[in-house]
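Remarks on the structure that follows.
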Amino acid sequence: MKARAFGWITAGLLVLCGSTHAADVKQPAGYGKVRFGATVDEVKKAYPKLEELNMSQSLGAPVIKGPDITRYVLHAESYPGVAEPIDVELRFWKGKLWLYIAYFPPAQSDSVLAKLVADYGPSTGKNPDYPNWKLEKSTVLLEKKLGRVTVNDDASTKEAQAWFLAELKKGMAARKPPAVAPGQAAPAAAPALTPAAH
């Protein structure tokens, strides 16, 4: 049976603060049998049921659109601290595994949090609704109320984040009104939507 997806995600662009944990803390290096940086073909060999998602499909997280981002899903996966099978989204940046998002029922957030604390120690974040762990090479974010865990490779996130911010700047620049040269009249205001009262 297909697991139900819950929640919303911070688009995999995690800008989190905090110190790194000691070397004895587990360090997530990927998802299950595959490491961050694995190609789609390598992941498909390990997980033959991997399905591609198109950019308009959402499992509950915002969809980032870009030529270098591809999204896949594994249905009915087991996840530590979650009683029933769930959906896990895998995102690739430039053809390499960048992050995964595990969607689970928010009612099971406390058991997921307990497992994350057992693996990574106390959260390095300050918001109890969004505990996070800034580790040596990856970041883990739990969104308790939304029922999802995101684990990302920090190196890929930095590159993807730089691309995303550049796209935002382009979009904001395109929306700015044209500059008025000295001595030139400002463009006429747009007509009112309703006629003026007489």
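Since only PRO62, LEU90, ASN152 are under comparison, the one whose Cα sits farthest along the positive direction of the charge dipole of the stretch 30-160, derived from C-beta charges on Lys, Arg, Asp and Glu, is ASN152.
Using a simple spin-label model with pseudo-atoms 7 Å out from Cα toward Cβ, ASP41 and ASP68 lie 2.1 nm apart.
State to the nearest 20 debye the size of the charge dipole of the stretch 30-160 about its Cα centre, where the only charges are +1 on K and R beta carbons and -1 on D and E beta carbons. Could the numbers behind the result be given before it?
Details: 18 positive and 17 negative charges, 42 e Å.
Magnitude of the dipole: close to 200 debye.
Count Lys and Arg as plus one, Asp and Glu as minus one, and take only other residues whose Cβ is under 12 Å from that of ALA46; the net charge is then +3. When both the stretch 24-50 and the stretch 88-163 are represented by their alpha-carbon centers, they are found 15 Å apart.
Arrange LEU53, LEU90 by Cβ neighbour counts within 10 Å, fewest through most, would you?
On the way: LEU53 16, LEU90 24.
Going from sparsest to densest Cβ surroundings: LEU53, LEU90.
Here's how it looks for THR139: its modeled amide H is under 5 Å from those of ASN152, ASP154, which are all 5 or more places away or on a different chain. Straight-line reach from LYS26: taking Cα to Cα under 16 Å and skipping same-chain neighbours fewer than 8 places apart, the lysines in range are LYS115, LYS134, LYS137. Charge tally around LEU165: other residues with Cβ under 13 Å, Lys/Arg +1 each, Asp/Glu -1 each, net +1.
If I take R0 = 25 Å and measure r between the Cβ atoms of SER58 and GLU167 in this structure, what FRET efficiency does the formula 1/(1 + (r/R0)^6) give, to the nearest 0.05? The formula returns an efficiency of 0.85 here.
If Lys and Arg each add +1 and Asp and Glu each add -1, what is the summed charge of the other residues whose beta carbon sits under 12 Å from the beta carbon of SER109? Cβ neighbours under 12 Å give a net charge of +1.
No value in this document is a laboratory result; all are computed from the given coordinates. A quick note: this is a predicted structure, and the numbers were derived from the prediction, not measured. Cβ atoms come from the backbone with ideal geometry, glycine included; neighbour counts cover every protein chain shown.
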